[in-house]
1. If Lys and Arg each add +1 and Asp and Glu each add -1, what is the summed charge of the other residues whose beta carbon sits under 13 Å from the beta carbon of S81?
2. Under a 5 Å amide H to amide H cut-off, with H placed in plane at 1.01 Å, what residues pair with V21 once short-range neighbours are removed?
3. Determine the gain in length on full extension of the stretch A184-I28; use 0.36 nm per residue of separation and subtract their C-alpha separation, reporting nm with one decimal.
4. For a Förster distance of 22 Å, can you work out the FRET efficiency between the beta-carbons of S9 and K50, rounded to the nearest 0.05?
5. Go through K40/K176; K50/K132; K75/K175; K116/K198; K23/K116; K40/K175 and tell me which ones have a Cα-Cα distance over 29 Å in this structure.
6. Working out 0.36 nm times the residue gap between Q19 and N35, then minus their Cα-Cα distance, what length gain in nm do you get to one decimal?
7. Can you compute 3J(HN,Hα) from phi for each residue in the stretch 215-227, using the Karplus curve 6.51 cos²θ - 1.76 cosθ + 1.60 with θ = phi - 60°, rounded to whole Hz and x for Gly and Pro?
8. Arrange the peptides 185-198, 10-23 so that the one whose residues have, on average, the most other Cβ atoms within 10 Å appears first.
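A short reminder: the numbers here are calculations on the coordinates, not readings from a lab. Just so we're clear, the structure is a prediction, and the values are computed from it rather than from any experiment. Neighbour counts are summed over all protein chains in view; Cβ atoms, including those assigned to glycine, are modelled from backbone coordinates with ideal geometry.
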Amino acid sequence: MAEYLSICSRCGCENPIFQSVCKKCGSITRDRVPNIDFWKIVGRIIESPKDAFIEIIQAEQKNYASFVLTASLFKIFLLVSLIVGVFGGNSFSLLSFGYFLLICVLVIIITGYIIKKVLVREKKKEKVFRIKDFYAVFSYSLVPQLMGLIILFALEFIVFGEQMFTFNPSPFLIKKNFAYLFLALELGIIVWNIFMTKMVFSIFFIKKLPPYIFSIIILSFIYFLVIIFM
């Protein structure tokens, strides 16, 4: 299961990387990671995402995971609302976002459950996968969206003002060049996000499964959900 197992240097036993003590010989396999240092882990995600994701799995407390997920999904909802608003004139709705967020959380948990069944079935072992690890790592894989919310959203609001929510008129009619520039930057964030989620699936999935395909499928489904709730 790719990077999700580590080998004890003393007895050679396979252990899930969230364990700091070998389940066979009892030797210490690594240092404890009590919780997640938010700014440190964000920096590591940018510099070395796989190492950062492994550290998140090793952390005993998955702090800030739900915050990162909510803020990142909020950014995705804003982006798709903007695009749909150009064609349909729909406005942003916090109620719709609430439903969207709830369904996305359920989708992530169900995806984790499916992965767990695949891993357990493949390895014939129990307790080698924790859904909370997948939830936390997937949440942090959306950090590109969080950065887009903090940086791009601020710039977009400065340029377009409240029209980016009301679409009256559409931002593409107010300042067309800026609108397409921001759209190009948003597409760059999406590509980065695909790469990040690919790293997540490569950690948890068996090697024969293509992580890029699963990354594109789940992200496409999340974007499609926005359209449904618009």
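1. -1
2. T29
3. Numbers: separation 156, 0.36 × 156 = 56.16 nm, distance 4.79 nm.
Once the chain is fully extended between A184 and I28, it gains 51.4 nm.
4. 0.60
5. Checking Cα-Cα distances, K40/K176; K40/K175 exceed 29 Å.
6. Details: separation 16, 0.36 × 16 = 5.76 nm, distance 1.41 nm.
Fully extending the segment from Q19 to N35 adds 4.4 nm.
7. In residue order, the calculated couplings are 4, 5, 4, 5, 5, 4, 5, 5, 5, 5, 4, 4, 4 Hz.
8. Details: 185-198: 17.6, 10-23: 15.7.
So the order, starting with the most tightly packed, is 185-198, 10-23.
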